[in-house]
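Visitor: Mind having a look at this structure? Questions to follow.
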Amino acid sequence: MDDAPRRRHPVTRPVVGFVGLGNMGGALAGNLVRSGFELVAHDTAGPARTPLGARWSPSPADLARAADTVVLSLPDGTVCADVVRQLATARGRRVTHIVDTSTVGVTAARSLAGVRGLSYVDAPVSGGVAGARKRTLMVMYAGTDDACAHVEPVLAGLSDRRRRVGDRPGQAQALKLANNFLSATALAATSEAVAFARSAGLDMETVLDVLNASSGRSAATADKFPAEVLTGRYASGFSNALMAKDVHLYGREAAGLGTATTLAEVTRAVWEAFAEAEPGADFTRIYPFTRGSGEAS
Ligand code: NAD
């Protein structure tokens with residue numbers, strides 16, 4: 001038996017950088033601070049949404065010199081590519097790993113994983129801003145064994161629900177796009193179905209109660225409609241522009257892989273029309289948009 005005195009190793013946690021403090025990023029950055037990480041954050045919109053306990057950084061280059069791992073929560077693949085390029089080329093950089101929680105699509109994730117000198121973990125999320133705050137958000141991630149092992153403590157700081165889905169960046173994006181295609185289609189279809197039932201004289205609460213105990217149940221009927229539409233809140237924190245981007249990416253990637261896109265075409269057209277008609281609206285406003293009346297219930 002080993003009776004040598006046990007050495008105490010101080011637990012050293014990496015300094016984490018965060019770029020993109022929007023609806024989702026603000027919540028995730030807050031989770032990292034509450035998990036005990038030293039956090040340095042940047043957003044082109046300024047320091048206003050820097051979580052309490054985190055330090056503001058004026059640029060990606062400055063952040064690259066301060067942090068070991070940088071988490072991204074940015075609008076799309078083009079913005080991520082620009083930020084990752086600035087991180088990779090920063091003089092005297094300390095950053096070695098990127099955890100990308102943005103929805104960027106398969107092609108963009110593969111290209112970001114190819115940036116020299118940085119290990120990239122593709123880690124999109126699902127469950128909304130409310131789920132991020134409750135730590136029930138699903139973080140699906142893909143990357144090499146070494147990269148995933150290295151960033152695991154950071155992923156654990158983001159959410160209590162995580163699943164490694166593959167060893168190649170882009171695989172988590174494929175799953176995220178499949179998820180959002182389902183989510184977008186279900187919410188658009190539920191909007192049509194509820195509008196139909198309301199037109200027949202039924203009240204929305206009854207419609208949702210019965211659907212949720214029947215085979216038409218989905219995250220749209222069980223969560224989005226009761227929380228955002230029935231209450232008239234329409235404040236989920238996810239914009240119609242981002243959902244339009246996701247279904248566009250899904251259709252493009254599915255067409256590239258040669259899988260069916262019949263429904264994807266319809267879903268894409270519905271979300272594109274909504275995003276064009278009401279730029280920046282919460283995505284749950286698809287119900288009044290579909291109903292064509294603008295009323296809450
Ligand atoms: P958002 O528009 O609220 O926030 C994006 C943030 O990025 C903004 O604060 C913006 O100022 C910042 N930004 C833009 N360009 C930048 C740059 N070059 N450098 C630094 N900061 C920059 O978007 P969001 O809802 O927080 O979504 C972020 C990502 O997460 C998107 O890819 C989205 O698809 C994904 N996502 C969001 C949700 C959600 O519920 N909001 C859910 C799942 C996935």
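Visitor: List, please: which pairs have Cβ atoms under 6 Å, are six or more places apart or on different chains, and start with a residue in segment 226-238 that is outside the structural domain of residue 193 (by TED's automatic domain parsing) and among the polar types (S, T, N, Q) and end with one that is away from the ligand (no atom under 13 Å from the Cβ) and assigned to a loop (DSSP other than H, G, I, E, B)?
Guide: Correct list of pairs: empty, since none qualify.
Visitor: Is it true that some residue in segment 264-278 is farther than 14 Å from residue 186 by Cβ and either in contact (Cβ under 8 Å) with a residue 60 or more places away in the chain or open to solvent by less than 30 Å² (accessible area, probe 1.4 Å) (or both)?
Guide: yes
Residue by residue, here is whether (1) near the ligand (Cβ under 10 Å from one of its atoms); (2) more than 29 Å from residue 240 (Cβ to Cβ); (3) assigned to a loop (DSSP other than H, G, I, E, B) holds:
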site	(1), (2), (3)
52	no, yes, yes
63	yes, yes, no
71	no, no, no
74	yes, no, yes
82	yes, no, no
92	no, yes, yes
107	no, no, no
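Yes or no, residue by residue, for (1) polar (S, T, N, Q); (2) within 24 Å of residue 76 (Cβ to Cβ); (3) touching a strand residue (DSSP E or B) at 6+ places or on another chain (Cβ under 8 Å); (4) open to solvent by less than 60 Å² (accessible area, probe 1.4 Å):
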site: 174; (1), (2), (3), (4): no, yes, no, yes
site: 182; (1), (2), (3), (4): no, yes, no, no
site: 197; (1), (2), (3), (4): no, no, no, yes
site: 201; (1), (2), (3), (4): no, no, no, no
site: 222; (1), (2), (3), (4): no, no, no, yes
site: 233; (1), (2), (3), (4): no, no, no, no
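Visitor: Shifting gears a bit: Which pairs do you get when a residue that is in the same structural domain as residue 99 (by TED's automatic domain parsing), found in segment 37-64, comes within reach of a residue that is open to solvent by 90 Å² or more (accessible area, probe 1.4 Å) and within 11 Å of the ligand (Cβ to nearest atom), reach meaning Cβ atoms under 7 angstrom, with the pair 6+ apart or on two chains?
Guide: Note: pairs meeting the criteria are 43/49.
Visitor: Tell me the residue from 107, 89, 78, 103 that is β-branched (Val, Ile, Thr) and in contact with a strand residue (DSSP E or B) (Cβ under 9 Å, 6 or more places away or on another chain), please. Quick ask: steps written out before the conclusion?
Guide: Values: 107 fails: in contact with a strand residue (DSSP E or B) (Cβ under 9 Å, 6 or more places away or on another chain); 89 fails: in contact with a strand residue (DSSP E or B) (Cβ under 9 Å, 6 or more places away or on another chain); 78 fails: in contact with a strand residue (DSSP E or B) (Cβ under 9 Å, 6 or more places away or on another chain).
Criteria check complete, one pass: 103.
Visitor: State yes or no: is residue 178 open to solvent by 10 Å² or more (accessible area, probe 1.4 Å), closer than 25 Å to residue 25 by Cβ and in the same structural domain as residue 100 (by TED's automatic domain parsing)?
Guide: So residue 178 does not fit the description; no.
Listed here are the residues, each with its yes/no results for (1) more than 26 Å from residue 178 (Cα to Cα); (2) assigned to a helix (DSSP H, G or I); (3) in the same structural domain as residue 180 (by TED's automatic domain parsing); (4) within 16 Å of the ligand (Cβ to nearest atom).
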site	(1), (2), (3), (4)
79	no, yes, no, yes
85	yes, yes, no, yes
104	no, no, no, yes
111	no, yes, no, yes
139	no, no, no, yes
148	no, yes, no, no
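Visitor: Looking at (1) more than 16 Å from the ligand (Cβ to nearest atom); (2) of a type outside the set (D, E, K, R); (3) assigned to a helix (DSSP H, G or I), which one does residue 271 not meet, given that it meets all the others?
Guide: If we test residue 271 against (1) more than 16 Å from the ligand (Cβ to nearest atom); (2) of a type outside the set (D, E, K, R); (3) assigned to a helix (DSSP H, G or I), just (1) comes out false.
Visitor: A follow-up question, please. Could you list, in sequence order, all residues of segment 219-250 that are touching a Leu at 6+ places or on another chain (Cβ under 9 Å) and either under 20 Å from residue 102 (Cβ atoms) or in a loop (DSSP other than H, G, I, E, B) (or both)?
Guide: 230, 243, 246, 247, 249, 250
Visitor: Please verify whether segment 93-105 includes one or more residues that are among the aliphatic types (A, V, I, L, M), more than 14 Å from residue 154 (Cα to Cα) and open to solvent by 10 Å² or more (accessible area, probe 1.4 Å).
Guide: No, segment 93-105 has no match at all.
The values are calculated or read from the model by the stated rules, or taken from the named source; none is laboratory data. Just so we're clear, the structure is a prediction, and the values are computed from it rather than from any experiment. Glycine gets a Cβ as well: all are built from the backbone with ideal geometry, and neighbour counts include every protein chain shown. Surface areas here come from the heavy atoms of the whole protein model, side chains and all, with no ligands, DNA or RNA. Shrake-Rupley method; radii C 1.70, N 1.55, O 1.52, S 1.80 Å.
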